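Since the structure comes first, as structure tokens, the remarks are kept for the end.
The values are calculated or read from the model by the stated rules, or taken from the named source; none is laboratory data. Every value quoted in this text rests on a predicted model; they were computed, and no experiment measured them. Cβ atoms come from the backbone with ideal geometry, glycine included; neighbour counts cover every protein chain shown. For the accessible areas, the whole protein counts, side chains as well, though only heavy atoms, and no ligand, DNA or RNA atoms are used. Shrake-Rupley method; radii C 1.70, N 1.55, O 1.52, S 1.80 Å.
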Amino acid sequence: MNIIFIGDMVAGAARRAVMSALPGMKREFSCDFCIANAENSAGGSGITAGVLREFPAGLVDVFTGGDHIWDQKDFQNEIASLGNFLRPANLKRGQPGRGWGVFDSAAGKVAVISLMGRVFMKDSFAECPFETADRILKEIPSDVKVVVVDFHAEATSEKAAIAHHLDGRVSAVLGTHTHVQTNDDRILPGGTAFISDVGMVGAANSILGRDVTAVIRKFVSGMPTRLDVAKGAVRLDAVSLKIDGATGKALEISKISRILDK
Ligand SMILES: [Fe+2]
Ligand SMILES: [Fe+2]
């Protein structure tokens, strides 16, 4: 089974870039299933149902969230209506939405789990991701072999730790949140594909998708500063995975990073 996973999409330019480039990428990688992190898809912060519905049906199979999950005020009311959106499974108990699901693809069933880290994340408002992952893995039906985890976290140590914790029990642990693609893509000894961070879809000339001048001003002045989304050519970061559908073991993980014309 071939899977494409797209890093955090930052605002409208990223959505348009994915919509125009993804059909060709899916053909190129014979993609059976596509996951995209959408936590910054609405104006750079959070998600709206309207933004996700812009995507043609079947282009992206599952969208995932992150720490910006509730930035758009209506999303907590909209999330229940979205069958293909996952928010971090380890949010505090009682929050709306769901954190994992089993989805169909032409090449068989895929379980997707969204989890969030707690190291250097705002307010540490998540439950333990390690224990949450262990609990979810007991609930996934045994005939579902392919399991992909979006681990949305800041610290590379926490990302590597959960990847090794889940090695051999899931097909892939893919980091998101930092918006910078890392060069540590590999398959762990037990057969789990791992990368600390997939990267982002956002302005190539930016600081994590934000306007360079504004971010520098914020650091230098120390004052609250509006960080507009940067403009210009878009970088599309993703990974492609090749997974043995019978065993769920990863066979290959490859980084994708392309600059798309405006
Ligand atoms: Fe994030
Ligand atoms: Fe993000």
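Before we move on, is A193 touching a Leu at 6+ places or on another chain (Cβ under 6 Å) and modelled with pLDDT of 95 or more?
Yes; evaluated as a whole, the condition is true for this residue.
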Would you mind stating whether A106 is touching a residue at least 40 places away in the same chain (Cβ under 8 Å), open to solvent by 50 Å² or more (accessible area, probe 1.4 Å) and more than 18 Å from P129 (Cα to Cα)? yes
Counting only strands (runs of 3 or more DSSP E) wholly inside the range 131-195, the ones holding at least 2 residues that are away from ligand 1 (no atom under 16 Å from the Cβ) and touching a His at 6+ places or on another chain (Cβ under 6 Å) are none
For the range 63-81, the count of residues that are open to solvent by less than 20 Å² (accessible area, probe 1.4 Å) and away from ligand 1 (no atom under 16 Å from the Cβ) equals 1
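Given the residues F63, F85, F125, which is the only one that is in contact with a Leu (Cβ under 8 Å, 6 or more places away or on another chain), within 26 Å of V229 (Cβ to Cβ) and within 14 Å of ligand 2 (Cβ to nearest atom)? Break it down into steps so the answer makes sense when it comes.
Working: F85 fails: within 14 Å of ligand 2 (Cβ to nearest atom); F125 fails: within 14 Å of ligand 2 (Cβ to nearest atom).
Going through F63, F85, F125 in turn, the sole match is F63.
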Within the range 84-94, residues at pLDDT 95 or above and open to solvent by 10 Å² or more (accessible area, probe 1.4 Å) come out as N84, R87, A89
Can S114 be described as assigned to a strand (DSSP E or B) and closer than 30 Å to P23 by Cα? yes
Taking the range 41-57 and the residues there that are open to solvent by 50 Å² or more (accessible area, probe 1.4 Å) and more than 16 Å from ligand 1 (Cβ to nearest atom), the one that is farthest from A230 (Cα to Cα) would be A57
Only unsatisfied item for G101, checking (1) within 16 Å of ligand 2 (Cβ to nearest atom); (2) touching a strand residue (DSSP E or B) at 6+ places or on another chain (Cβ under 8 Å), is (1)
Within the range 119-150, the residues that are in contact with a helix residue (DSSP H, G or I) (Cβ under 8 Å, 6 or more places away or on another chain), over 19 Å from E252 (Cα atoms) and surrounded by 18 or more Cβ atoms within 10 Å (Cβ to Cβ) are P129, A133
Output for Cβ contacts, cut-off 6 Å, separation at least six or different chains, first residue over 15 Å from A111 (Cα atoms) and open to solvent by less than 20 Å² (accessible area, probe 1.4 Å) in the range 23-40, second more than 16 Å from ligand 2 (Cβ to nearest atom) and assigned to a loop (DSSP other than H, G, I, E, B), reads none
When the range 16-52 is checked residue by residue, the ones that are within 16 Å of ligand 2 (Cβ to nearest atom) and either hydrophobic (A, V, I, L, M, F, W, C) or in a strand (DSSP E or B) (or both) are A17, V18, I35, A36, N37, A38, A42, I47, V51, L52
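Filter the range 101-117 down to residues that are at pLDDT 95 or above and farther than 18 Å from T192 by Cα, then give me how many there are. Before the answer, list the steps.
Of all residues in the range 101-117, those at pLDDT 95 or above come to 101-105, 107-117.
Subset that is farther than 18 Å from T192 by Cα: 101-105, 107-108, 116-117.
Here the count works out to 9.
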